[in-house]
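**Q** Sharing a structure here in structure tokens format.
Bear in mind these aren't lab numbers, they're just calculated from the coordinates by the rules spelled out. Everything numeric in this text was worked out from a predicted model, so none of it was measured. In this analysis, Cβ positions are derived from the backbone assuming ideal geometry, glycine residues included, and neighbour counts consider all displayed protein chains.
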Amino acid sequence: MIPLLILSPLILLAALGAVWKARPVHAALLLALSLALVAVLYLTIGADFIGLVQFMVYVGAVAILIVFSLLITRPSDEAEEIQRRPRSMVTGLICTLPVLAVLLIALVKGDPLTLPAADAPPLSIARLGELLFTTHAPAVLAVGVLLTAVMIGAALFARDIEKPKSNQPEK
Amino acid sequence: MIFATVPFPSFTLESLPQLPKLLVEWLLTLVGAPDWLVIIGGTAAMAGTVVGVFLSAFALLSLVERKTLARIQNRLGPNRAGWFGILQPVADGIKMLTKEDIVPTKAEWLLHLAAPILIVVPSILALGVMPLGREWVPVNMELGLLFFFSVGALTELSVFMAGWASGSKFPMLGAMRAISQMVSYELPLIISALGVIMVTGSLRLSDIVAHQEGFNFGIIPNWNLFTPWGFAAGLIFYIASIAEANRCPFDLPEGESEIVAGHMTEYSGFKYALFFMGEYLGLFAIAGLGVTLFLGGWQAPLPFLGWVPTWIWFFAKLAVIIMSYLWIRGTFPRVRIDQLMRFAWLCLIPMALLTIPAAALWVFTGKGIVSWVVTVPLLMIPWVILTILFNRRLAPATRTYTFADS
């Protein structure tokens, strides 16, 4: 309970900072910080595998992807700040309110979680792998197909940009 | 207060690295400290031992590297401070500590400060899960290998922070190069480690070492390197580890002749030393992981050498790997960025992916003669095809020097 009380305000603060910071790189780094803190939260409640994978995927891959795309798409980032418009507020609310609603409904109406007994043995990594590749195999395969499709799409995008260029500099 | 006489626990040469921990625990018990303090003190002493050993190794390597490179390049190398330059690391340290710490006006001071710290932390954390000897495993995690790669992910972000927070062009270019290189070479690095996990059936690094115990035909060690899939995976891991450690010939992120020092350009004094330290500790960590995964960790290389303390074997193997890095650095020229990327994505990653089915077949066919007959062609034929393709069709186009040739 104590780690949750310490970590959750920090996570929320980092997340709020990620939304409110005017410079995109600051926002991206704060997002990475909040994701890393979530990983720490997982570690404190004994979900070691999820915590480490969260750190590896979100801090190692997603955050890097975000900052890298920021650098590539806007090379002159120097002191550039995001323009805040009322319209972006509205679109943001349209995107996030349904998610919030679903979470709240699940919180209120869903079955309360039954915690395992305190002396129950922790889930071993071998057992977790077994579950993932037997009971939950369809979900794993579906995610795999989705990621492959995304990767092929990205490769196609990259290909289109490369084609029409001619490398002859003017003389 | 009554001082209870606590007998000092017995130790052998094998558990010599445990000595600081035992000493601290013994002292704390002697003065009647509570149990939690004894545990914390012992853990801190053990962590201190690991950090101390690797920092001394870093100091030694910084001298050995300069001496070796000098020998390869027909120079003398550092020879002024002490006997054969033995005090050179100390002189370097004093120089770095007393230099002015400059923060550029356009830099973001907080990120600029955090980057060198965050680059040292993951390397030390990664060294903590390494089995350095039979009885010297600082933290024996069940998910050791996953932990190693997870904390390694922080390096890329801190390189980005260093490059971006410096607020100038060279660090930014260097950071972009570094990140694209690290991301590309992390894939073959992790994929080539998967075969080992499949064969061992565990992510615990000490289990991986224990699995490589024993000798075939009484003389050939039962290391993963001496299996067909392990040889391929080990080779890929070796190449990718050079790139991950930003060593020559993959030292584009800090190519001195091109972009000053890459993401470290705007750093001076002790912050620069921290980058240097993080780089070398990362080198130890990645080479140590290679030793653990493919070279049998702390296992003795010959059956009759079992009496030598196991941690000596670990560090001996580490030294051999690192000397080979130095040799490569002194021999090969730096590659171009397009060559670097092509090599990772078109050659290393497909070959690394092939080691996974090869490792699976190796297990299912019983690790005998049949497995050799099945896995060797599985790896050799694609490798030959890939080499021919890579040399003929996929090789980078010859550069045309537009202005010089016309």
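**Q** Taking amide hydrogens as modeled 1.01 Å from N in the peptide plane, which residues meet the under 5 Å criterion relative to B:Val335, leaving out close sequence neighbours?
**A** Amide H neighbours of B:Val335: B:Asp251.
**Q** I would also like to ask the following. Provide the per-residue ³J(HN,Hα) series for the range B:34-40, in order, calculated from phi with Karplus coefficients 6.51, -1.76, 1.60 and θ = phi - 60°, each as a whole number of Hz, with x at glycine and proline positions.
**A** x, 4, 5, 5, 4, 5, 5
**Q** Once all Cα-Cα distances of the protein assembly as shown are split into 20 Å bins that start at 0, what whole-number percent is in each one?
**A** Calculated P(r), rounded to whole percents: 16, 51, 30, 3, 0.
**Q** Assuming 0.36 nm per residue, please report the length gained on full extension of the stretch B:Phe215 to B:Thr331 beyond their Cα-Cα distance.
**A** Going from the current span to full extension adds 38.3 nm.
**Q** Mind giving me the nanometre distance, one decimal, between the label points for B:Ile388 and A:Val57, set 7 Å out from Cα along Cα→Cβ?
**A** Distance between the two pseudo-spin positions: 4.1 nm.
**Q** Let me have the relative contact order for chain B, percent, based on Cα pairs under 8 Å that are six or more residues apart.
**A** 19 percent
**Q** Using 7 Å Cα-to-Cβ label points, what is the B:Trp307/B:Leu97 separation (nm, one decimal)?
**A** Using points 7 Å along Cα→Cβ, the separation is 4.3 nm.
**Q** Kirkwood hydrodynamic radius (Cα pairs, Å) of the range B:197-263?
**A** Averaging 1/r across every pair of different Cα atoms and inverting gives 14.5 Å.
**Q** To the nearest whole number, what is the average tally of beta carbon atoms from other chains within 10 Å of the beta carbons of peptide B:157-163?
**A** Taking the mean over all residues of the peptide, I get 4.
**Q** If you find the alpha carbon centre of the range B:240-278 and of the range B:159-196, how far apart are they in angstrom?
**A** So the separation of the two Cα centres works out to 11 Å.
**Q** Right, here's the next one. Would you kindly give the portion of the calculated P(r) for the range A:1-82 that falls above 22 Å, as a percent of all Cα pairs?
**A** Details: 1019 of 3321 pairs.
In whole percent, the share of Cα-Cα pairs in the range A:1-82 beyond 22 Å is 31.
**Q** I've got another one for you. Output ³J(HN,Hα) for the range A:22-33: one whole-Hz value per residue in order, computed from phi by the Karplus curve 6.51 cos²θ - 1.76 cosθ + 1.60 with θ = phi - 60°, and x for Gly and Pro.
**A** Residue by residue, the range A:22-33 yields 7, 8, x, 5, 4, 4, 5, 5, 5, 4, 4, 4 Hz.
**Q** What is the mean number of Cβ atoms from other protein chains located within 10 Å of the Cβ atom of each residue in peptide B:169-176, rounded to a whole number?
**A** 1
**Q** In addition: About the Cα centre of chain B, how large is the charge dipole given +1 on each Lys and Arg Cβ and -1 on each Asp and Glu Cβ? Please answer in debye to the nearest 20.
**A** Working: 24 positive and 23 negative charges, 216 e Å.
Dipole magnitude for chain B comes out near 1040 debye.
**Q** Next up: What does the highest-first list of A:55-61, B:241-247, B:156-162 look like by mean Cβ count within 10 Å?
**A** With the highest mean Cβ count within 10 Å placed first, the list reads B:156-162, B:241-247, A:55-61.
**Q** Next question, about the same structure. Packing-wise, with mean Cβ within 10 Å as the measure, how do B:103-115, A:28-40 rank, highest first? Intermediate values should be presented prior to the final figure.
**A** Numbers: B:103-115: 16.2, A:28-40: 20.5.
The most tightly packed comes first, giving A:28-40, B:103-115.
**Q** Same structure again: Starting from 0 in steps of 10 Å, tell me what percent of the Cα-Cα pairs of the range B:99-390 lands in each bin.
**A** Binned Cα distances yield the sequence 6, 27, 32, 23, 9, 2, 0.
**Q** So how do A:130-136, A:11-17 stack up, highest first, on mean other-Cβ count within 10 Å?
**A** So the order, starting with the most tightly packed, is A:11-17, A:130-136.
**Q** Then there is this: Once you've got the Cα coordinates, tell me which of B:Lys106/B:Lys271; B:Lys67/B:Lys317; B:Lys95/B:Lys271; B:Lys21/B:Lys67; B:Lys21/B:Lys271; B:Lys67/B:Lys95 are over 24 Å apart.
**A** Values: B:Lys106/B:Lys271 17 Å; B:Lys67/B:Lys317 20 Å; B:Lys95/B:Lys271 12 Å; B:Lys21/B:Lys67 35 Å; B:Lys21/B:Lys271 30 Å; B:Lys67/B:Lys95 19 Å.
The answer is B:Lys21/B:Lys67; B:Lys21/B:Lys271.
**Q** Something else: Please list, in order along the range B:92-108, the HN-Hα scalar couplings obtained from phi with the Karplus expression 6.51 cos²θ - 1.76 cosθ + 1.60 (θ = phi - 60°), rounded to whole Hz, x for Gly and Pro.
**A** Taking θ as phi minus 60°, the curve returns 4, x, 5, 4, 5, 5, 8, 5, 6, 8, 9, 10, x, 4, 7, 7, 8 Hz for the range B:92-108.
**Q** Still on this structure, I have one more. Which value at 222 nm does the protein assembly as shown reach when only helices count, each DSSP H run of 4 or more adding -39,500 (n - 2.57), with the total divided by all residues and rounded to the nearest 500 deg cm²/dmol? Could you put the intermediate results ahead of the total?
**A** Details: 22 runs with 378 residues, N = 577.
That calculation yields -22000 deg cm²/dmol at 222 nm.
**Q** Also: Can you pull the mean other chain C-beta count within 10 Å for peptide B:145-151?
**A** 5
**Q** Related question: Shape of the range B:265-321 from its Cα gyration tensor (a ≥ b ≥ c, root eigenvalues): rounded if a/c is under 1.5, otherwise prolate when a/b > b/c, or oblate?
**A** Numbers: a/c = 5.15, a/b = 3.13, b/c = 1.65.
Judged from the Cα gyration tensor, the range B:265-321 comes out prolate (a/c at least 1.5, a/b above b/c).
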